[in-house]
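Just so it is clear, none of the values below were taken in a lab; they were calculated from the coordinates. No experiment lies behind these values; they were computed from the predicted model shown. Methodologically, a virtual Cβ is constructed for each residue, glycine included, from the backbone with ideal geometry; neighbour enumeration extends over all protein chains shown.
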Amino acid sequence: MKSSELFDVSGRSALITGASGALGAVAARTLAGAGCRLTLTAGTTDALEAVAGECRELGAEVATVNARPESEAAADAMVEKAVETHGRLDILVVASGINRVGMIEEMAPDAFVDVMDANVTQSWLLARAATRQMKAQGDGGKIVLVSSTRGILGHPAGYTAYCASKAAVDGITKALACELGPTGITVNAVGPTVFRSVLTDWMFTDAPKAVKTRENIVSRIPKGRLGEPEDLAGPLLFLASRASDFYTGHILYADGGYTAG
């Protein structure tokens, strides 16, 4: 096999949830530019259509589902849309999720449950729906979840819900990889550190609080900077392509070396 063929995903059908978010949009543009046929989902119509438009400009066939995977039926419908539009499902990227920040004595139990539901239960429901379809197809597939460096590292500023949810995503990734090993379906996760997004834009400004926060984080990152969305493109393409056929049950940290320290 030529080395260029290792990363060839042209013609494959990919479902990306949370496509209007920073990581989901990167996944969508990356796979669109690589020739995938896309099914994109998100809860915000305008933002979803904006990303879909960018992907169409890159030459991709794109279907959209304006919904979140908040139930078994919703997750199943997303997979069904991909199959209905593109004939099959080869790649699942679960980029949907939330965070609620609050010190434990101040955080409402409902807020904790919301984070666990969006990041853990919904990831499980999507992986479940994708597994059924990929098994029926009988020729493998790629499931890519989204973890975080916070899945293995704590945080002093009210991240008990988020850290717990990403540790659980790590557990799903490893357990499902073991379960699906003989099927040819690989299950992995991308684990970024802080990278530029709508939620973190403030960290990239010159405001005193932003500078202090950024310097504190960067001091622990060997690469000496925070992440950019484009830093996630390579890991995503690797996990979605045949280059990772013997790579399963892993969290691929796109963190500038943060977890190496």
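Once fully extended, how much extra length lies between ARG56 and ALA136, figured as 0.36 nm per residue of separation less the alpha-carbon to alpha-carbon distance?
Values: separation 80, 0.36 × 80 = 28.80 nm, distance 2.89 nm.
Once the chain is fully extended between ARG56 and ALA136, it gains 25.9 nm.
Could you give me D for the stretch 162-261, from Stokes-Einstein at 4 °C and 1.567 mPa s, where the hydrodynamic radius is the Kirkwood radius over C-alpha pairs? Units µm² s⁻¹, please.
Details: Rh = 15.1 Å.
For the chosen part, D equals 86 µm²/s.
In the set [x] 58, 34, 28; [y] 81, 71, 24; [z] 51, 40, 38, which value of Cα extents along the principal axes in Å was calculated from the structure you see?
The value matching this structure is [z].
Using helices alone, I'd like the mean residue ellipticity at 222 nm for the chain: each DSSP H run of four-plus residues gives -39500 (n - 2.57), total over residue count, nearest 500. Walk me through the numbers on the way to the answer.
On the way: 9 runs with 108 residues, N = 261.
It lands at -13000 deg cm²/dmol.
For ILE98, enumerate residues with amide H under 5 Å from its amide H, sequence gap 5+ or separate chain, H modeled in the peptide plane.
Amide H to amide H, under 5 Å and 5 or more residues apart or across chains, ILE98 pairs with ASN119.
If you take every residue apart from GLY140 with its C-beta less than 13 Å away from the C-beta of GLY140, what net charge results, scoring Lys and Arg +1 and Asp and Glu -1?
On the way: positive: ARG12, ARG88, LYS135, LYS142, ARG242; negative: ASP90, ASP139, ASP245.
Result for the local shell: +2.
Where the centre of each part is set by its Cα atoms, how far does the stretch 96-174 sit from the stretch 211-261, in angstrom?
Result: 18 Å between the Cα centres.
Quick check on my link table: of LYS81/LYS135; LYS142/LYS174; LYS174/LYS223; LYS81/LYS142, which ones sit more than 21 Å apart, alpha carbon to alpha carbon? Before the final figure, lay out each step's value.
Working: LYS81/LYS135 17 Å; LYS142/LYS174 14 Å; LYS174/LYS223 28 Å; LYS81/LYS142 17 Å.
Over 21 Å Cα-Cα: LYS174/LYS223.
Once R0 is set to 45 Å, what does the formula 1/(1 + (r/R0)^6) return for the Cβ-Cβ distance between THR183 and ASP206, expressed as a FRET efficiency to the nearest 0.05?
Working: r = 51 Å, r/R0 = 1.13.
Rounded to the nearest 0.05, the efficiency is 0.35.
For LYS166, go through the aspartates and glutamates and keep the ones whose alpha-carbon is under 13 Å away, minus same-chain ones fewer than eight residues off.
ASP117
Where does the stretch 68-208 land on the Kirkwood hydrodynamic radius, alpha-carbon pairs, in angstrom? Don't jump to the answer; show the numbers that get you there.
On the way: mean 1/r = 0.0616 Å⁻¹.
Taking the inverse mean of 1/r over all distinct Cα pairs, the stretch 68-208 comes out at 16.2 Å.
Within the set of other residues whose C-beta is less than 15 Å from the C-beta of ARG29, count the net charge using Lys and Arg as +1 and Asp and Glu as -1. Don't skip to the answer; put the middle values down first.
Working: positive: ARG37, ARG56, ARG196; negative: GLU49, GLU54, GLU57, GLU61, GLU228, GLU230, ASP231.
Computed value for this residue: -4.
For the stretch 145-211, what is the convex hull volume of the alpha-carbon atoms per residue, in Å³? Don't skip to the end; give the middle numbers.
Numbers: hull volume 5.9 nm³, N = 67.
Roughly 88 Å³ of hull volume per residue.
Give me the dipole magnitude in Debye, nearest 20, for the chain about the Cα centre, with unit charges on the beta carbon: positive for Lys and Arg, negative for Asp and Glu. Working shown, then result.
Details: 24 positive and 29 negative charges, 120 e Å.
So the dipole magnitude of the chain works out to roughly 580 debye.
Once amide H atoms are built 1.01 Å from N in the peptide plane, which residues 5 or more positions from ILE185, or in another chain, come under 5 Å H to H?
Residues meeting the criterion, in which the H sits 1.01 Å from N, are GLY141.
Residues with amide H under 5 Å of ARG12's amide H, sequence separation 5 or more or different chain, H placed in the peptide plane at 1.01 Å from N; which?
ARG37
Among SER123, ILE221, ALA60, whose Cα lies farthest out toward the positive end of the dipole of the chain, if unit charges sit on the beta carbon of Lys, Arg (+1) and Asp, Glu (-1)?
So the residue furthest toward the plus end is ILE221.
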